[in-house]
Amino acid sequence: MKNSDTTGIFRPFKELKELLEKKSLKPGPSPGDKSLNGSGGTRVKTNVFKSDSTIDDTSAPMNESELFLEAMADVEPIHREDRLEPNGMPCVSIDSENDSKDETIRQLSNLVNSGEGFVVAHTPEYIEGTGYNIHPEISKRLHRGDFSIQSHIDLHGLGVEDARKAFEFFFKDSITTGKRAVLVVHGRGLSSLDRPVLKTKVIEWLTRGPWRKWVIAFSSARSCDGGTGATYVLLRRRPMTRRYRKCVKVN
């Protein structure tokens with residue numbers, strides 16, 4: 001096949017028509033040619049979509065509920081006591097909740113009837129304090145009963161002035177006789193209109209009066225010794241004077 005003419009122009013398809021006629025090439029059948037669907041012809045496979053009216057209902061997909069039930073068919077439920085709540089804590093069974101409620105009722109009943117479980121230090125009436133350069137743990141130890149009580153005084157039924165005189169006499173005697181841990185009973189003062197009178201005065205005498213220099217620590221007593229109606233006092237061997245404070249700072 002010639003690719004160019006005498007003019008020098010390249011014409012690659014110039015003789016294409018002649019070549020096709022010699023080869024007897026014909027265009028291929030179209031997919032929609034009905035003659036190919038008869039006998040002796042080649043059947044062309046085409047995708048034919050059924051209309052909605054011809055769709056088989058049995059082949060329709062299941063809904064979400066049916067799919068979920070099918071997927072969960074072999075799943076065994078977890079026992080309630082083995083489950084974990086979203087916060088990571090074990091789920092409490094109904095029986096455990098009932099047992100807990102019964103135990104709470106029992107504790108409250110014992111608290112009301114016999115005082116079992118009552119903690120004086122957890123009440124708003126509890127008091128404690130320490131003297132100069134004393135660790136706060138000493139007052140907690142005093143309340144726990146770590147120091148043996150060697151003497152006590154009961155100020156019940158006394159007026160403020162008589163109670164002050166009795167308190168001073170008791171403290172002087174306790175110091176001169178070498179007592180270290182004593183008990184002052186003053187009452188809770190529940191009948192007072194404003195605040196407990198004697199209890200407030202005892203705290204004042206321990207923290208502001210001339211006897212404060214002899215006080216190491218004080219705290220409300222335990223229930224067996226009067227609870228918040230009495231006060232433990234831990235006494236020094238010698239008073240905390242300014243000169244003694246200077247010595248403590250130097251050391």
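Filtered by the rule that a residue be aromatic (Phe, Trp, Tyr) and loosely packed, with under 13 Cβ neighbours inside 10 Å, segment 156-188 gives a lone residue, 169. How many of the residues in segment 151-187 are within 22 Å of residue 236 (Cα to Cα), among the charged types (D, E, K, R) and over 48 Å from the mean Cα position of the chain (by Cα)? Going through segment 151-187 one residue at a time, the tally reaches 5. Checked against the criterion of being at pLDDT below 90 and polar (S, T, N, Q), the candidates 191, 220 yield just one match: 191.
Criterion first (under 19 Å from residue 122 (Cα atoms), surrounded by 17 or more Cβ atoms within 10 Å (Cβ to Cβ) and touching a residue at least 12 places away in the same chain (Cβ under 8 Å)) does residue 219 satisfy it? Answer is yes for this residue.
The values are calculated or read from the model by the stated rules, or taken from the named source; none is laboratory data. These figures come from a predicted structure and were not determined experimentally. Glycine gets a Cβ as well: all are built from the backbone with ideal geometry, and neighbour counts include every protein chain shown.
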